[in-house]
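What follows is a single structure, written as C-alpha cells, with notes after it.
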Amino acid sequence: MIDYVLASSIVLAILLVPRLWARILLSRAKHRTLQGHPRLALLLARSVPAYAYGEEEFFGGDQAPAEVVRSRRSGFEHLASELRERAPRTLELSAELEGSLSDLAFVNAYRVPFQYRDYAKAHLRIGSVAARSDGPRVQDLDGNWTYDLGGAYGVNLFGTDFYKRCIDRGVERARELGLVLGAYHPIVAENVARLKAISGMDEVSFHMSGTEAVMQATRLARFHTGRSHAVRFAGAYHGWADGIQAGVGNPRPVKEIYTLREMDPRSLEALAARKDIACVLVNPIQAMSPNAAPASDSTLLASDRSAHYDKARYRAWLEDLREICTQKRMVLIFDEVFLGFRLALGGVQEYFGVRADMVTYGKTLGGGLPVGVVCGRRDLMRRFRDDRPADFCFARGTFNSHPYVMSTMNEFLRALDAPEIRKTFEGLEARWDTRARHLNQRLIDADCPVRVQNMVSVWTTLYTRPSRYNWMFQYYLRAEGLSLSWIGTGRFIFSHDLTDADFEHIVVRFTSAARRMRNDGWWWSDPALSNASIKRRVLMEMLRARLGRATSDRSTPPEAGEAEPCGTS
Ligand SMILES: Cc1ncc(COP(=O)(O)O)c(C=O)c1O
C-alpha cells in the first residue's frame, strides 16, 4: 500500500513539477508594470474615478508662485486666442464632426490627461480637418499651412505627393476592370511575386488592414501548431482585434495571449518551458521603448517618459527569439505593419538580419489605400489540410485583393526599384541620427527641458525636468505650425523625402515652441519636485476622488520628494 502511495506521488510529481515550473517561469517573465499585467490593468482602469481640475489647480497644481501662475494664465489665454482666431472655419467643422463622429470624439478625449481635459477642451481647441497637402505640409480650411509630423499614422514614408501619384496611376490602371471582386486583376500576380521576393516567403495573402493581417497570421499559427496561445510583448500594439489587443482599451479580458517582457532572458526561459505557444508576435518599433505602450500625452503627468534605441541589442534579442522559436516550433511573426519598408527596402528582416516565419505588412504598402498583407512559409500559409479535408482555417474578406488597391500597391512596389527611392535609403540612419542630434543641440542652446530620441525617422519627445505640464507642449507646437497625431508629442513620424531645408524649418518652429512654453512658465519647477512626488500626489487625488472627497485641496503641502536632477538644460 505504502509503495503504491509513494509510486503515485512520484508519478504525480513528475507530471506536475514541470507544469508548476513552467508557470513560475511565466510569472517571472511578466513585466512588473501594468503593461505586463493586462488583466490587472483593465481592472484598475475601471476603478479610476473621473475628476477634473478647476482653474486654480489647472494653472498652479504644482504650487508654483503667484507670478508664475499669472504668466501661465496669460500665456494660455494668448495661445488659446491665437489657435481660435487663426482657424475659425476649421474649428467650426471639427466641432460639428465631433458631435457625431465617434472616432473624433474618442481621439479628442485623449489628447491630455483627463484631469486637465475639461478646461483644456473648453479653451484650447485645435482643428481636425485638412483640405490639401503639399510635400510635408498640410493646409486647413482657413488656409493655414502646417508641417505634418503625424506621418499619416506611418503610412506616409515617401511624401504625400508620392502617394497621390500612386493612387492616380493605380486608379487609371484598374479602371478597365473596375469593381470586379472574386476574379483577380492580373496585376495581383506581379504584386505576389514582388512580395515574395521582398519577404523571402513562399505565399502571400491580402487583407484590408494591418489588424486583419495580424489576426490571420495568429489564426494560421494556431491552426498549424494545434496550440492555443499567442505571445505578445508588453506595450506592443498589433491592431485592435479582440483576441490580440489585451488590457486597457479592450473591454473583454483576453485569454490565450501571454504578455511577456521584451528584451529579457526571463521571457526566453518561459518560452522554452511551455508547450501551448503557437506564435510569438514582435513589433520592432518597441526597440525604442521596450515594454512601454506608445507614449501618449494623455498619460503625460510627469517627465518620466523614456526611450533609447540600441540596434545591436535589439538584433541580439531577435536572434534569441529566432533560436527559441525554431527549437520549440513556435511561429515567429514579425509585425512590420508600421515599420516595414521604413528601415530598409527588405523591411525589418533585412534591417536586423533576422528571418521570421511569417511577416505582416500594411500601411505604406497600399500606396495610399488601405491594406494588410501576410507573407509566410507555405506550410504555415495553407488554410486546409490534404489529410483532413473538413478541418480548415477560414479567412475571407469581401474587399481582399480589391483591384484599385492592388494596382495602387503595384505602383508602390514598382517605385521601390526607382533610383530616387533607393537613394533615400542610402545613409538613412546616419541622416536621421544627425537630424535628431541637431535638434537636441538647438534645444540645449535654447535652455529648454525637452529632447528628442529617434529610431531612424520615428521620433519621440522626452522631458528632462519633472513637470506636470509637459502635455501643454503639443499646443505650442501646433501654434508654431507643427501638426501632430492624436497621441501628441509621443510620436513623430517623418517622411523620407523631407529636405534639409524643410527639416530646418521644423527645427526652428520646434525650438521656438519650446522657448515660448518655457517663457510662459509651464516648466517652472520646485527643486523638491520629482516625478515620483508628482505621481504620488496624483495617486492621492485619485484615492480622494474615489472616496468622494474634493480634489482641489489647497491645504496639501507642496510636493516634496527625492529631488531628481534637472536635465542638462
Ligand atoms: C505594428 C502594427 N500592427 C498592426 C497595426 C494595425 O494596423 P491597422 O491600423 O491598419 O489595422 C498597426 C497600426 O498602427 C501597427 O502599428
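The values are calculated or read from the model by the stated rules, or taken from the named source; none is laboratory data. Only a predicted model underlies this, so the values are computations on that prediction, with no experimental measurement involved. Please note: Cβ atoms are built from the backbone with ideal geometry, for glycine as well, and neighbour counts cover all protein chains shown. Protein only, heavy atoms only, side chains kept; ligands, DNA and RNA dropped before computing areas. Shrake-Rupley method; radii C 1.70, N 1.55, O 1.52, S 1.80 Å.
Of note:
- Modelled label positions at residue 196 and residue 73, each set 7 Å beyond Cα in the direction of Cβ, lie 7.1 nm from each other.
- Approximate shape of segment 212-279 as ellipsoid semi-axes (Cα gyration tensor, √5λ), whole Å, largest first: 19, 16, 10
- Each of 6, 149 has its accessible area taken with a 1.4 Å probe; listed largest first, they run 6, 149.
- Residue 377 paired with residue 109, simple spin-label distance in nm, labels 7 Å along Cα-to-beta-carbon: 4.4 nm
- Residues 76, 384, sorted by accessible area with the largest first, give 384, 76 [1.4 Å probe; ligands and nucleic acids excluded].
- Distance distribution P(r), the chain, all Cα-Cα pairs, bin width 20 angstrom from 0: 19, 50, 27, 4, 0 percent.
- The residues neighbouring residue 515, those whose beta-carbon lies less than 13 Å from its own, together hold a net charge of 0 under the Lys/Arg +1, Asp/Glu -1 convention.
- Among the listed pairs 30/275; 164/311; 196/328; 30/196, those whose Cα-Cα separation exceeds 24 Å are 164/311; 196/328; 30/196.
- Using the Cβ-Cβ distance between residue 355 and residue 85 with R0 set to 51 Å, the FRET efficiency from 1/(1 + (r/R0)^6) comes to roughly 0.40.
- For segment 391-449: accessible area per residue (Å², 1.4 Å): 48 Å²
- Estimated FRET transfer efficiency when R0 is 22 angstrom, pair residue 46-residue 532 (beta carbons, to 0.05): 0.30
- Residue 179 paired with residue 500, simple spin-label distance in nm, labels 7 Å along Cα-to-beta-carbon: 5.0 nm
- Protection proxy ranking for 406-412, 343-349, 30-36, using the average of other Cβ atoms within 10 Å per residue and placing the highest first: 406-412, 343-349, 30-36.
- Share, in percent, of DSSP beta bridges within the chain that are antiparallel, nearest 5: 60 percent
- Accessible-area rank, largest first, for 206, 106: 106, 206, with all protein chains present and a 1.4 angstrom probe.
- Between the beta carbons of residue 92 and residue 394, assuming R0 = 35 Å, the FRET efficiency works out to 0.15 to the nearest 0.05.
- Counting only DSSP H runs of at least 4 residues, each contributing -39500 (n - 2.57), and dividing by the residue count of the chain, the helix-based mean residue ellipticity at 222 nm comes to -14000 deg cm²/dmol.
- Segment 1-53: radius of gyration over Cα atoms, expressed as a fraction of 2.2 N^0.38 Å: 2.09
- For the peptides 451-460, 39-48, the ranking by packing is 451-460, 39-48, with the highest mean count of neighbouring Cβ atoms within 10 Å listed first.
- From phi via Karplus (6.51, -1.76, 1.60), per-residue ³J(HN,Hα) for segment 389-397 in Hz, x at Gly/Pro: x, 8, 9, 9, 10, 6, 7, 9, x
- Only helices reaching 24 angstrom along their own axis (Cα) with mean Kyte-Doolittle hydropathy no lower than 1.0 count here, and for the DSSP H runs of the chain these are 2-28.
- Residue (of 318, 340, 380) at the positive-pole extreme of segment 299-384, dipole from beta-carbon charges: 380
- Extension gain for the segment residue 546 to residue 164, taken as residue separation times 0.36 nm less the Cα-Cα distance, is 132.4 nm to one decimal.
- Placing +1 on each Lys and Arg Cβ and -1 on each Asp and Glu Cβ, with no other charges, gives the chain a dipole about its Cα centre of roughly 1400 debye.
- Sulfur and carbon atoms: percent of accessible area, segment 186-251 [1.4 Å]: 59 percent
- The string of couplings for segment 284-293 from the Karplus curve (6.51, -1.76, 1.60, θ = phi - 60°) is x, 5, 5, 4, 6, 8, x, 6, 10, 6 Hz, one whole number per residue in order, with x for Gly and Pro.
- Radius 10 Å from Cβ of residue 524, net charge of other residues (Lys, Arg +1; Asp, Glu -1): -1
- Accessible solvent surface per residue of segment 116-241, calculated while the other protein chains remain in place, 1.4 angstrom probe, Å²: 44 Å²
- In this view, the solvent-accessible surface of residue 255, computed with a 1.4 Å probe and all protein chains in place, comes to about 140 Å².
- Estimated at the nearest 10 Å², the accessible area of residue 148 is 50 Å² with a 1.4 Å probe.
- In the complete set of protein chains, residue-level accessible area for residue 493 is approximately 10 Å², probe 1.4 angstrom.
- Ordering 542, 467, 155 by the projection of their Cα atoms onto the charge dipole of the chain, which places +1 on the Cβ of Lys and Arg and -1 on the Cβ of Asp and Glu, puts 542 at the extreme positive end.
- Heavy-atom accessible surface of segment 257-380, averaged per residue, reaches 31 Å², computed with a 1.4 Å probe.
- Atom-type composition of the exposed protein surface of segment 319-397 places 51 percent of the accessible area on carbon and sulfur (1.4 angstrom probe).
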